[in-house]
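*Asks:* This is the structure I want to talk about, given as structure tokens.
The values are calculated or read from the model by the stated rules, or taken from the named source; none is laboratory data. All values derive from a computational prediction rather than experimental measurement. Don't worry about glycine lacking a Cβ; one is built from the backbone with ideal geometry, like all the others, and counts go over all protein chains shown.
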Ligand SMILES: Cc1cc2nc3c(=O)[nH]c(=O)nc-3n(C[C@H](O)[C@H](O)[C@H](O)COP(=O)(O)OP(=O)(O)OC[C@H]3O[C@@H](n4cnc5c(N)ncnc54)[C@H](O)[C@@H]3O)c2cc1C
């Protein structure tokens, strides 16, 4: 039984169903997908969370996993090789190119004196990516959580490797896909994620929801079930062994194993009645902090009003910190286009405390001041992005928005956090969680455990399933040794 039909839950469901287990995935929402959900407004299909992935080509980070999950044939669209991400700082633009050598050469054109440093930087990222499969090798698996790269500071690596402060900003400038904090971000997260995008970068035509739907269809084809409107309200256990779950407060369903693709703090709430979970564990998990949330402005554009860009823009205020983003000011915005419709999204970090005052009010009835707050944020984002896209404002037809409150409402994400539990290089053993819990047959999965994002969640679904099936079985089944 799997709680939550986000990417992690569906991938675990896929692995377990493929191995002959009777799988039931329970999703509280009307729609499956969690942060992969797409939604329609008028004739435009918007993506809520996921916007792009890296490393899909043969031999790259995500290829072997997506091949196993039967996801390679979805309509992936490669972003421009000479510039998949454009970092805009003030009035200057810098292209980040696909391919490790081209990445170095492109930036060395602007920073010739940093060419050797860039080569070292990219060489390091590449070697981290090349060792991604070590995590799956049985002899290495137990070391994964204490690997020294989880215990090293990403920021310190950047400072030690790159001399020019502007270049450091540029190399950090497309990293709205992780929370850049000097005092916490582990080098493993920074290097593995950035490397996968340098390998190759991809959008999906027609919405991220297709990933979830494809996995769910395959689970059902293999004999499993995916149920929506099924909120798990409790996990029942006896003597540290789970017996099943309660759905919507009334229906009991038995289970041999329970995989929680939900925040570990939420999983412990479901186990509130359990006497087998010691207070020390509850306190430890309860004390973990979460990464920031995200504000998104979904812009439906007038037809033919703005040319499609086959790259992402990351537009920053000249004073933007990049690391340790300020509390309230809108300093950085990601612009992500849709290739098949006149629309784009503006994404900008937003902390829970910015929206906390409306958290107790029901969705749709949070009041005029909440609407004004969101419109002010749209305006702040537009003012920044207009530096790069001066024609954007006139091209807008309609605007929709989401805040951390939306994620909290639809996906039940703790405090609307975008990337789950904040991993901390000072204490990897406590912030990078294993799938195991004090209840032997209750396991965790999803972005809260080690690496977030599509790559990280896909890796973690293998770690979680391996607790049931054995890592060797999965390594053989996925043919990991031939991924490179
Ligand atoms: C704004 C934003 C942009 C992002 N952009 C990218 C990107 O471009 N590329 C990338 O790789 N990653 C991106 N990510 C991260 C990526 O989307 C996530 O890491 C990943 O989708 C998380 O999957 P998950 O399965 O761990 O969790 P979730 O997607 O949160 O899934 C959890 C599921 O559990 C359900 N659930 C919760 N509680 C219960 C319950 N009690 N009973 C039943 N169901 C329950 C929820 O409704 C949800 O469906 C982005 C995230 C955000 C928020």
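*Asks:* So is residue 2 closer than 27 Å to residue 297 by Cβ, touching a helix residue (DSSP H, G or I) at 6+ places or on another chain (Cβ under 8 Å) and within 12 Å of the ligand (Cβ to nearest atom) or not?
*Replies:* Numbers: closer than 27 Å to residue 297 by Cβ: no; touching a helix residue (DSSP H, G or I) at 6+ places or on another chain (Cβ under 8 Å): yes; within 12 Å of the ligand (Cβ to nearest atom): yes.
Judged against the criteria, residue 2 is not a match.
*Asks:* Further, regarding this structure: With surrounded by 22 or more Cβ atoms within 10 Å (Cβ to Cβ) and over 23 Å from residue 203 (Cβ atoms) as the only criterion, which of 104, 98 stands out? Spell out the reasoning first.
*Replies:* On the way: 98 fails: over 23 Å from residue 203 (Cβ atoms).
Of the residues listed, the single one that is surrounded by 22 or more Cβ atoms within 10 Å (Cβ to Cβ) and over 23 Å from residue 203 (Cβ atoms) is 104.
*Asks:* What are the residues in segment 355-403 that are within 16 Å of the ligand (Cβ to nearest atom) and under 30 Å from residue 307 (Cα atoms), if any?
*Replies:* Going through segment 355-403, the residues within 16 Å of the ligand (Cβ to nearest atom) turn out to be 355, 363, 374, 377-378, 381, 400-403.
Within segment 355-403, 374, 377, 378, 381, 400, 401, 402, 403 meet the criteria.
*Asks:* Right, here's the next one. Within segment 37-51, is even one residue touching a helix residue (DSSP H, G or I) at 6+ places or on another chain (Cβ under 7 Å), within 16 Å of the ligand (Cβ to nearest atom) and over 30 Å from residue 409 (Cα atoms)?
*Replies:* As a first pass, look at segment 37-51 and keep what is touching a helix residue (DSSP H, G or I) at 6+ places or on another chain (Cβ under 7 Å): 37-38, 48-50.
Then keep just the ones that are within 16 Å of the ligand (Cβ to nearest atom); that gives 37-38, 48-50.
Those still in the list that are over 30 Å from residue 409 (Cα atoms) too: none.
No, segment 37-51 contains no residue that is touching a helix residue (DSSP H, G or I) at 6+ places or on another chain (Cβ under 7 Å), within 16 Å of the ligand (Cβ to nearest atom) and over 30 Å from residue 409 (Cα atoms).
*Asks:* Answer yes or no as to whether residue 306 is assigned to a loop (DSSP other than H, G, I, E, B), in contact with a helix residue (DSSP H, G or I) (Cβ under 7 Å, 6 or more places away or on another chain) and closer than 28 Å to residue 377 by Cα.
*Replies:* Numbers: assigned to a loop (DSSP other than H, G, I, E, B): yes; in contact with a helix residue (DSSP H, G or I) (Cβ under 7 Å, 6 or more places away or on another chain): yes; closer than 28 Å to residue 377 by Cα: yes.
Spelling it out, residue 306 is indeed assigned to a loop (DSSP other than H, G, I, E, B), in contact with a helix residue (DSSP H, G or I) (Cβ under 7 Å, 6 or more places away or on another chain) and closer than 28 Å to residue 377 by Cα.
*Asks:* Continuing with the same structure: Taking residue 270 and the conditions (1) within 26 Å of the chain's Cα centre (by Cα); (2) at pLDDT below 95, which numbered condition does it fall short on, given that it satisfies the others?
*Replies:* (2)
*Asks:* Within segment 408-417, does at least one residue satisfy the condition of being farther than 21 Å from residue 48 by Cα and more than 16 Å from the chain's Cα centre (by Cα)?
*Replies:* Residues of segment 408-417 farther than 21 Å from residue 48 by Cα: none.
No, segment 408-417 contains no residue that is farther than 21 Å from residue 48 by Cα and more than 16 Å from the chain's Cα centre (by Cα).
*Asks:* Going residue by residue through segment 299-319, is there one that turns out to be surrounded by fewer than 13 Cβ atoms within 10 Å (Cβ to Cβ) and touching a residue at least 60 places away in the same chain (Cβ under 8 Å)?
*Replies:* There is at least one residue in segment 299-319 that is surrounded by fewer than 13 Cβ atoms within 10 Å (Cβ to Cβ) and touching a residue at least 60 places away in the same chain (Cβ under 8 Å).
*Asks:* (1) in contact (Cβ under 8 Å) with a residue 24 or more places away in the chain; (2) within 14 Å of the ligand (Cβ to nearest atom); (3) within 22 Å of residue 310 (Cα to Cα): which one isn't true of residue 82, the others all being true?
*Replies:* With respect to (1) in contact (Cβ under 8 Å) with a residue 24 or more places away in the chain; (2) within 14 Å of the ligand (Cβ to nearest atom); (3) within 22 Å of residue 310 (Cα to Cα), residue 82 is out only on (2).
Each row is one residue, and each column tells you yes or no for (1) within 30 Å of residue 274 (Cβ to Cβ); (2) surrounded by fewer than 22 Cβ atoms within 10 Å (Cβ to Cβ).
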{"site": "151", "(1), (2)": "no, yes"}
{"site": "232", "(1), (2)": "yes, no"}
{"site": "237", "(1), (2)": "yes, no"}
{"site": "243", "(1), (2)": "yes, yes"}
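So that you can scan it fast, the table gives a plain yes or no per residue for (1) within 11 Å of the ligand (Cβ to nearest atom); (2) over 25 Å from residue 234 (Cα atoms); (3) in contact (Cβ under 8 Å) with a residue 60 or more places away in the chain:
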{"position": "436", "(1), (2), (3)": "no, no, no"}
{"position": "439", "(1), (2), (3)": "no, no, yes"}
{"position": "445", "(1), (2), (3)": "yes, no, yes"}
{"position": "451", "(1), (2), (3)": "yes, yes, yes"}
{"position": "454", "(1), (2), (3)": "yes, yes, yes"}
{"position": "471", "(1), (2), (3)": "no, yes, yes"}
{"position": "476", "(1), (2), (3)": "no, yes, no"}
{"position": "479", "(1), (2), (3)": "no, yes, yes"}
{"position": "484", "(1), (2), (3)": "no, yes, yes"}
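*Asks:* Let me ask something additional. Tell me whether segment 452-471 contains one or more residues that are under 30 Å from residue 337 (Cβ atoms) and in contact with a strand residue (DSSP E or B) (Cβ under 6 Å, 6 or more places away or on another chain). Write out each step before concluding.
*Replies:* Step one: list which residues in segment 452-471 are under 30 Å from residue 337 (Cβ atoms), which gives 452-461.
Going one step further and asking which of them are in contact with a strand residue (DSSP E or B) (Cβ under 6 Å, 6 or more places away or on another chain), we end up with 454.
Within segment 452-471, one or more residues are under 30 Å from residue 337 (Cβ atoms) and in contact with a strand residue (DSSP E or B) (Cβ under 6 Å, 6 or more places away or on another chain).
*Asks:* Give the residues of segment 219-231 that are out of contact with any helix residue (DSSP H, G or I) (no Cβ under 6 Å at 6 or more places or on another chain) and under 16 Å from residue 9 (Cβ atoms), sorted by residue number.
*Replies:* Step one: list which residues in segment 219-231 are out of contact with any helix residue (DSSP H, G or I) (no Cβ under 6 Å at 6 or more places or on another chain), which gives 220-221, 223, 225, 227-231.
The answer is 220, 225, 227, 228, 229, 230, 231.
*Asks:* If you don't mind, there's one more thing I want to ask. What number goes with the only condition from (1) more than 16 Å from the ligand (Cβ to nearest atom); (2) within 26 Å of residue 311 (Cα to Cα) that residue 20 does not pass?
*Replies:* (2) is the only condition that residue 20 fails.
*Asks:* Test residue 245 against the stated conditions and say whether it is under 29 Å from residue 418 (Cβ atoms) and within 12 Å of the ligand (Cβ to nearest atom).
*Replies:* Working: under 29 Å from residue 418 (Cβ atoms): yes; within 12 Å of the ligand (Cβ to nearest atom): yes.
Against the criterion (under 29 Å from residue 418 (Cβ atoms) and within 12 Å of the ligand (Cβ to nearest atom)), residue 245 qualifies.
*Asks:* Now for a separate question. Of the residues 266, 254, which is free of Cβ contacts under 8 Å to residues at least 24 places away in the same chain and either farther than 30 Å from residue 336 by Cα or surrounded by fewer than 21 Cβ atoms within 10 Å (Cβ to Cβ) (or both)? Break it down stepwise before answering.
*Replies:* Values: 266 fails: free of Cβ contacts under 8 Å to residues at least 24 places away in the same chain.
The unique qualifying residue is 254.
*Asks:* Tell me whether segment 49-66 contains one or more residues that are more than 30 Å from residue 107 (Cβ to Cβ) and surrounded by 18 or more Cβ atoms within 10 Å (Cβ to Cβ). Give the derivation first.
*Replies:* The first filter runs over segment 49-66 and keeps only residues more than 30 Å from residue 107 (Cβ to Cβ), leaving none.
Within segment 49-66, not a single residue is more than 30 Å from residue 107 (Cβ to Cβ) and surrounded by 18 or more Cβ atoms within 10 Å (Cβ to Cβ).
*Asks:* Tell me, please, whether a residue that is in a loop (DSSP other than H, G, I, E, B) and either crowded, with 21+ Cβ neighbours inside 10 Å or within 16 Å of the ligand (Cβ to nearest atom) (or both) can be found in segment 323-334.
*Replies:* Yes; the residues of segment 323-334 include at least one that is in a loop (DSSP other than H, G, I, E, B) and either crowded, with 21+ Cβ neighbours inside 10 Å or within 16 Å of the ligand (Cβ to nearest atom) (or both).
*Asks:* Scan the strands (runs of 3 or more DSSP E) fully inside segment 8-98 and keep the ones with 1 or more residues being under 22 Å from residue 197 (Cβ atoms). Give the steps one after another, and end with the answer.
*Replies:* On the way: elements: 24-26, 38-41, 44-47, 76-78, 85-89, 92-96.
Qualifying strands (runs of 3 or more DSSP E): 38-41, 44-47, 76-78, 85-89, 92-96.
*Asks:* Continuing with the same structure: Checking the structure you have, find out if any residue of segment 202-218 is in contact (Cβ under 8 Å) with a residue 12 or more places away in the chain and more than 26 Å from residue 52 (Cβ to Cβ).
*Replies:* No: segment 202-218 contains no residue that is in contact (Cβ under 8 Å) with a residue 12 or more places away in the chain and more than 26 Å from residue 52 (Cβ to Cβ).
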